[in-house]
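For reference, the structure discussed in these notes is given below.
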Amino acid sequence: MENLDYARLQMAFTLGFHIIFACIGMVMPFFMVVSHHKWLKTRNPIYLKLTKAWLKGVAIFFATGAVSGTALSFELGMLWPEFMKHAGPIFGMPFSLEGAAFFVEAIALGFYLYGWKKLPEKFHWFTGIIVGVAGVASGILVVSANGWMNAPSGFDYVNGEFLNIDPVEALLNPAWFTQALHMTLAAFVATGFAVAGVHALQIFRGKNVELHTKAFKIAIVFGAVAAFLQPLSGDLSAKDVAERQPVKLAAMEAHYETQKGAPLYIGGIVDEENREVSHKIEIPGALSFLAFGDFDAEVKGLNDFPDDELPPVPIVHYAFQLMVGLGTLLMLAGLIYFISLKKKNWLKNRKFWLLFIIAAPLGFIALEAGWVVTEVGRQPWIIHQVMRTEDAVTPMPGMKYSFFFYLFLYTILGITVTWLMNRQMKALNKEE
Amino acid sequence: MLYVVLFFLLFSLLLYVLLGGADFGAGIVELFSSRENRKVTRDTIYRVMGPVWEANHIWLIILLVILWVGFPGYFNVMMIYLHIPLVLVLLGITIRGVAFVFRHYDAVLDSSQIWYNRLFRVGSLVTPVFLGMSFASLISGKIIITNDYSNYGFYDLFMEPWLHLFGLLIGLFYAALCAFLAANYLIAETEGDARKLYRKKSIMYTVVLVVLGFALIVYGYFADFIFIEDFIHNPVSLISVGISGLLLIPLWRSIKRGSRIWSRYLAGLQGVLIMFAAIIAHFPYIIITSEEELSLLENLAPEATIDNLALMLLIGGFVILPGLFHLMKSFNLIKVLDKSKP
Ligand code: HDD
Ligand code: HEM
Ligand code: HEM
């Protein structure tokens, strides 16, 4: 593999690492605030204990998110200097606003972490809300920057030069809304199911059941509601992609022949060489409908695009199937939870808890798969139709070592964080 | 609007160097303390830095964003040629950042604390040294800007600019500055015996700082670094450094008298003056390559971008700075309350 491939792997790996901590940093504050609110209202000490337990976890996740995010800000430049040289001035606005959001978040977090018994109760609680809102705002802003890479706007590209720059138009690029909506929901789905799953495991083992049940309920409500909205928002995203990046849509669906009334493939094995898909389930007309809202619309196939503008089709297709498949499963799991609200005896059934233990990682897997769709599906462009990834990469050789360095560092970090969480859980159960 | 952007660039640079620096310095002070004293330092750091360390480090991100949005040409050179020292800086930031949080939030107190402590202390020393080395490489005159990478060896392009004695001296100088700031900061936060300890430390780090500063200038002069030569011939720089030196007298007095506020502000002011002297010495030609001197003001983003950036910074500045100020203030108040309890 070449320098470029290692740079791409490193970018993918470090972003994929950061996003986990970022999602937790965005969503956990809302769980805490709910639990904290219940404590203030009921004065049931279990809620206080839960809030504080979550808080300890979040402090650890936050620190990891902050350092990996700092590394990313450098990496954008270190790996893709040519890209940043031209893109920086255009899509910088979300990042400068994000700086403000980070500050607000860090300040509010300082208050929230260190303000117990020192600040007035209501104000202290409210700082928790600010942490969450600022987190979501910073998430939306970065995703808007990513949207700009998919749907570049706010400049004129004339003879290789970027003229008439308009940062506001770049911020409000055609992709920002659907991507930001879908991503924010995804963060709630992924974190909701992950947190619920962790507590379900404790209930399954019969440890500190009262506390973990309360925790489970808070987390799952967020996750389940978001899981129902996710396919709706995903449909909006797909229509958007059909419009702005027809190649990506075709790659997601492994759709080679341009045709009217195009069928939707479920599953299937992509043969890139012969440009065929075997072992698939076909739903006639469905792709045309999903992409354009009309069963007869024409959907452009991969064969109609130049060869050197095609992304790696199998990766994009499989990742897309994985995301949608898991999304459907999570929606069903959410449905089962809502039914259990009526059928209380389900909560006594160990299979019920087992289900949510299994569902714990699925949201995050779907989320990573979704990013693979978006990012790999944009290839070979780093800025869609404007700059190629290979032209943006750093001239410094040896990215291989850099990649393995980050792989090593973040693997250790990931293991340590998991191990620390395990210790927190044990300590919490012991206190019972 | 350019001046607004420049103001925030220098402002966030200064704040990162001073606040982030004091944060690194606290780890350095802890590193070079005897076993018993480490615990005191550790607890004080947690109390003082805990609520603000995240905010301190966001200045680095702001600085970076201003650079990449407003000064893309500069950013480009730094990101290509300083790749390796910056990765080392990031390694340091990562390690000390997580170790700081792990050691306070680990639910179980056991031997893993030893590791968190070690990593935090060593990371605190290494990070400012590499930061200093990265800055040094910008002004070293050793960066070779080229499009023809095959003509040069890896070492010439990517190692030579930062790996030299001059860079190391600047790195150590900055680390000493961090420790100096932290020691003076901690004086104001402690009582009794601990106080005496930091008083001693403060004097020790002052001496280290002055010695390293001299070594740096003497070595840089005889090794023909353009930057040092211009530094010596720049009256503003000299005056700044001079004032900073003179301020040592009132600083020592206020330490003796035990005036908390003064010793902190005086030390901070000295840090500001030293940084100011370094930046102004060659302003706006902050990158000195083997061939030319690149002006910060000639490698700008288009005007629309600069205006937009300035506006964002102004808005941010009016929301954030008051909040940060309030945070620090209210936690000072809280500390006072804490202490008055038996
Ligand atoms: C919990 C995670 C999760 C789940 C359950 C889903 N997605 Fe998703 N999807 C994401 C997480 C995600 C993501 C990681 O957040 C992405 C990557 C970029 C983005 O904006 O969102 C994404 C991207 C993404 C894109 C590409 C957008 C672009 O390139 O701009 C489409 C078309 C869909 N999704 C469609 C769907 C559909 C139809 C789903 C039906 C169930 C679905 N997603 C479930
Ligand atoms: C979709 C992708 C991303 C999302 C949703 C996201 C979201 C977040 C959130 C919510 C936080 C604060 C929570 C925490 O600290 O754990 C955070 C931290 C951070 N992110 Fe990301 N991020 C993404 C990608 C990026 C990228 C590409 C960069 C770099 C350019 C970046 C830079 C940062 C930085 C510097 C921080 C640390 C801020 C601090 O010190 O508190 N992020 N991110
Ligand atoms: C946090 C969630 C994200 C994940 C998991 C993710 C994943 C990926 C992956 C898999 C690639 C490699 C694509 C390939 O080369 O085949 C990539 C590339 C890249 N991503 Fe993302 N991405 C995320 C968010 C973002 C955001 C928010 C930005 C920018 C603001 C961004 C900027 C880039 C850049 C510059 C590249 C390299 C150029 C390229 O390969 O096109 N990513 N990312």
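The values are calculated or read from the model by the stated rules, or taken from the named source; none is laboratory data. Since the model is a prediction, treat every value here as computed from it, not as a measurement. No Cβ is skipped: glycine too gets one built from the backbone with ideal geometry, and neighbour counts run over all protein chains shown. The area values use the complete protein model at the heavy-atom level, side chains included, leaving out ligands, DNA and RNA. Shrake-Rupley method; radii C 1.70, N 1.55, O 1.52, S 1.80 Å.
Can you bin region A:302-432 into rounded, prolate or oblate? Criterion: square roots of the alpha carbon gyration tensor eigenvalues sorted a ≥ b ≥ c, rounded for a/c under 1.5, prolate for a/b above b/c, oblate for the rest.
Numbers: a/c = 4.51, a/b = 1.57, b/c = 2.88.
Oblate.
Normalised per residue, the accessible area of chain A is 42 Å², obtained with a 1.4 Å probe and no contribution from ligands, DNA or RNA. Rounded to the nearest whole Hz, the Karplus-based 3J(HN,Hα) values (6.51 cos²θ - 1.76 cosθ + 1.60, θ = phi - 60°) of region B:259-272 follow the sequence 7, 5, 5, 4, 5, 5, 5, 5, 4, x, 4, 4, x, 4, with x at glycine and proline. Need one word for region B:54-149: rounded, prolate or oblate. Basis is the Cα gyration tensor (sqrt eigenvalues a ≥ b ≥ c); a/c below 1.5 gives rounded, then a/b vs b/c decides. Cα axes put region B:54-149 in the prolate bin. Pick out the long, greasy-scoring helices in chain A: whole DSSP H runs spanning 15 Å or more along their own axis by Cα, mean Kyte-Doolittle at least -0.5. Helices passing the filter in chain A: A:3-42, A:45-79, A:81-114, A:121-150, A:176-204, A:209-244, A:313-340, A:362-376, A:399-431. Pairs with C-alpha atoms separated by more than 21 Å, drawn from the list B:196/B:256; A:41/A:207; A:207/A:348, are A:41/A:207.
The aspartates and glutamates whose alpha-carbon is closer than 18 Å to the alpha-carbon of residue A:344, local same-chain residues fewer than 8 away aside, are A:210.
Interface residues of region B:82-103, defined as a loss of at least 20 Å² in heavy-atom accessible area between the chain alone and the complex of all protein chains with a 1.4 Å probe, are B:83, B:86, B:87, B:90, B:91, B:93, B:94, B:98, B:101, B:102. Each distinct pair of alpha carbons in region A:363-432 adds a 1/r term; the inverse of their mean, the Kirkwood radius, is 15.9 Å. Principal-axis analysis of the Cα atoms of chain B puts helix B:53-70 at an angle of about 10° to the longest axis. For chain A, set up a GNM with springs between Cα atoms under 10 Å and report which of A:100, A:360, A:333 has the largest fluctuation. Highest fluctuation of the listed residues: A:100.
Choose one answer from A:120, A:89, A:231: the residue with the largest mean-square fluctuation in a GNM of chain A with alpha-carbon springs under 10 Å. Maximum among the listed residues: A:120. Kirkwood-type hydrodynamic radius, region B:220-323: 16.9 Å, calculated from all non-identical alpha-carbon pairs.
Return one number: the angle in degrees, 0 to 90 and rounded to the nearest 10, between the long axis of the Cα atoms of helix B:112-139 and the longest principal axis of the Cα atoms of chain B. Result, in degrees: 30.
Sorted into 20 angstrom bins from 0, the C-alpha pair distances of chain A split as 24, 54, 21, 1 percent. Chain A packed on chain B takes about 5400 Å² of accessible surface away from a 1.4 Å probe, both sides summed.
Solvent-free Debye calculation, one equal scatterer per alpha-carbon of region A:128-183: log10 I(q)/I(0) at 0.22, 0.30 Å⁻¹ equals -0.79, -1.09.
The angle separating the long axis of helix B:21-31 from the principal Cα axis of greatest extent in chain B is about 60 degrees. For chain B, modelled as a GNM whose springs connect Cα atoms under 10 angstrom apart, the maximal fluctuation among B:318, B:276, B:102 occurs at B:318.
Cross-link reach is defined here as a Cα-Cα straight distance under 17 Å, omitting same-chain residues fewer than 8 places apart; for residue A:239 the lysines meeting it are A:248, A:260, A:300.
With protein chains left intact and a 1.4 Å probe, residues in region B:117-225 average 41 Å² of accessible area per residue.
About its Cα centre, the dipole of the protein assembly as shown is roughly 6080 debye, where the only charges are +1 on Lys and Arg Cβ and -1 on Asp and Glu Cβ.
At a 1.4 Å probe radius, carbon and sulfur cover how many percent of the accessible area of the protein assembly as shown?
Here carbon and sulfur together make up 67 percent of the probe-accessible area.
Helical content of chain A, expressed as a calculated mean residue ellipticity at 222 nm, amounts to -25500 deg cm²/dmol (DSSP H runs of 4 or more residues, -39,500 (n - 2.57) each, divided by residue number, nearest 500).
Only protein heavy atoms count here; on that basis, with a 1.4 Å probe, residue A:350 has an accessible area of about 130 Å².
The aspartates and glutamates whose alpha-carbon is closer than 14 Å to the alpha-carbon of residue B:39, local same-chain residues fewer than 8 away aside, are B:30, B:193.
For region B:102-196, the gyration tensor built on C-alpha atoms gives an oblate shape. Its axis ratio a/c (a ≥ b ≥ c) is at least 1.5, and a/b is not larger than b/c.
Helix-only arithmetic for chain B: the sum of -39500 (n - 2.57) across DSSP H runs with n ≥ 4, divided by the residue total, places the mean residue ellipticity at 222 nm at -26000 deg cm²/dmol.
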